[in-house]
1. Quick check, is residue 101 in a strand (DSSP E or B), at pLDDT below 95 and of a type in the set (Val, Ile, Thr)?
2. Residue 90 - would you say it is out of contact with any strand residue (DSSP E or B) (no Cβ under 7 Å at 6 or more places or on another chain), among the aliphatic types (A, V, I, L, M) and assigned to a helix (DSSP H, G or I)?
3. Taking the criterion of being in contact with an Asp or Glu (Cβ under 9 Å, 6 or more places away or on another chain), at pLDDT 95 or above and of a type in the set (A, V, I, L, M), would at least one residue in segment 22-38 satisfy it?
4. Restricting attention to segment 205-236, and to residues there that are in a loop (DSSP other than H, G, I, E, B) and more than 22 Å from the chain's Cα centre (by Cα), which single residue is surrounded by the fewest Cβ atoms within 10 Å (Cβ to Cβ)?
5. Just give me the residues in segment 130-171 being under 14 Å from residue 105 (Cα atoms), under 17 Å from the mean Cα position of the chain (by Cα) and hydrophobic (A, V, I, L, M, F, W, C), in sequence order.
6. For segment 64-76, indicate whether the set of residues that are assigned to a strand (DSSP E or B), among the basic types (Lys, Arg) and in contact with a Gly (Cβ under 6 Å, 6 or more places away or on another chain) is non-empty.
7. Of the residues 327, 348, which is over 30 Å from residue 223 (Cα atoms), surrounded by 20 or more Cβ atoms within 10 Å (Cβ to Cβ) and out of contact with any strand residue (DSSP E or B) (no Cβ under 7 Å at 6 or more places or on another chain)?
8. Give the residue, chosen from 335, 296, that is more than 22 Å from residue 246 (Cβ to Cβ), touching a helix residue (DSSP H, G or I) at 6+ places or on another chain (Cβ under 6 Å) and crowded, with 17+ Cβ neighbours inside 10 Å.
Amino acid sequence: MPSLPQYRPHQAVDETPDPLSPAPFHPDIDAAAFAAALSASNATGNPLSLYVHLPFCRQHCHHCVRDKIAAREAQQADPYLQRLEREMVLVASHLDRARKITQLVWGGGTPTFLTLGQMSRLIDMLDAHFTLSGDRNRDYAIEIDPREANVFTLRHLQTLGFNRLSLGVADLDLRVQQAINRIQPRVLTENLVDEARRLGFQTLSLELVYGLPQQTQDSLSETLEQVIALAPDRVSLTPYMHWPERYAAQRSIDVALLPDAHASGTMADAAREQLVMAGYVHLGRLHFALPDDSLAIALHQGTLRHGVLGYSGQAPTDHVGFGVSAISQVDGLYAQNATLLPDYVMAIDSDRLATIQGLVAVAGRDVAQP
């Protein structure tokens, strides 16, 4: 089997267990514990949600704190896809095939780094080992880098069954984009938004970051004006975390250009007010949705939940994560895969689940908190 490209390890920030629980992951939760939890979960008959971590990036954005593998050619992902299928076989052996997959998310990295053929192959792998739902109310989402996608990508994703798109934007100000090494002309985002609407995707989300170098309250407000004009169904803002000792790419950022903690907090408050004034409903944690969006409706009805995949208005599911560093949540058990690629590869190639740590969650802590 060909070797995988070099991997820069860390625990994925976006895949946290219940943020309200202070308990850290610990190694007592191992592959055996996760396997037992998977088997026991069949008694509930709950549907399943799946997350597939695709950590490939063609270039490194300086601000990024996600697990990623630097790669230039899509073929470099083939060995990783082979391991993902082996992991699916291992997980599926503990689960009842009758349990439908009502929620599916591909995250990264850059999932759209894959070729259309590789995307089809990955869906076929999932379909071979699990029961993908064809229900209109399913939630099948993919994170998209507008620099790595076009109208043909969206059309293909629709044929694969995806009905929700999440576009990474960060910021639309050119000075900020230059400071974080992510030049992304607004027209790229606009074209994808227009095509997504034309194709009839159910939900479109735009992801922004605040506290970036060169960013000011005024510049972020201008970005938000442009985003609001695009009228996405959902908007999220996440804080930039400057950890250059942990993420080498951040060492290219001039700290003198970073807003201080007070300025970042002011940005967050102003952004929340601006989006609410524009008609968006604040779900919590600087996530927003239009009033007719399913998440806003769930908030109104008191059924909104927050879990490993973020906010959801769907009925409770058991969640399984695939790939390096991915996190699963089965009943009250969180289990995380190896965060180092060699460790993940060693486990999968040895026909073992890649779980290395986890925790038992505190009951009742997955309720959405505005």
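The values are calculated or read from the model by the stated rules, or taken from the named source; none is laboratory data. The structure presented is a predicted model; accordingly, all values stated were derived computationally and were not measured. Counting neighbours? That spans all protein chains shown, and the Cβs are built from the backbone with ideal geometry, glycine included.
1. Details: in a strand (DSSP E or B): yes; at pLDDT below 95: no; of a type in the set (Val, Ile, Thr): yes.
Against the criterion (in a strand (DSSP E or B), at pLDDT below 95 and of a type in the set (Val, Ile, Thr)), residue 101 does not qualify.
2. Values: out of contact with any strand residue (DSSP E or B) (no Cβ under 7 Å at 6 or more places or on another chain): yes; among the aliphatic types (A, V, I, L, M): yes; assigned to a helix (DSSP H, G or I): yes.
The answer is yes for residue 90.
3. yes
4. Among those that are in a loop (DSSP other than H, G, I, E, B) and more than 22 Å from the chain's Cα centre (by Cα), it is 216.
5. Of everything in segment 130-171, those that are under 14 Å from residue 105 (Cα atoms), under 17 Å from the mean Cα position of the chain (by Cα) and hydrophobic (A, V, I, L, M, F, W, C) turn out to be 141, 142, 144, 157, 162, 165, 167.
6. yes
7. 348
8. That would be 335, the only listed residue that is more than 22 Å from residue 246 (Cβ to Cβ), touching a helix residue (DSSP H, G or I) at 6+ places or on another chain (Cβ under 6 Å) and crowded, with 17+ Cβ neighbours inside 10 Å.
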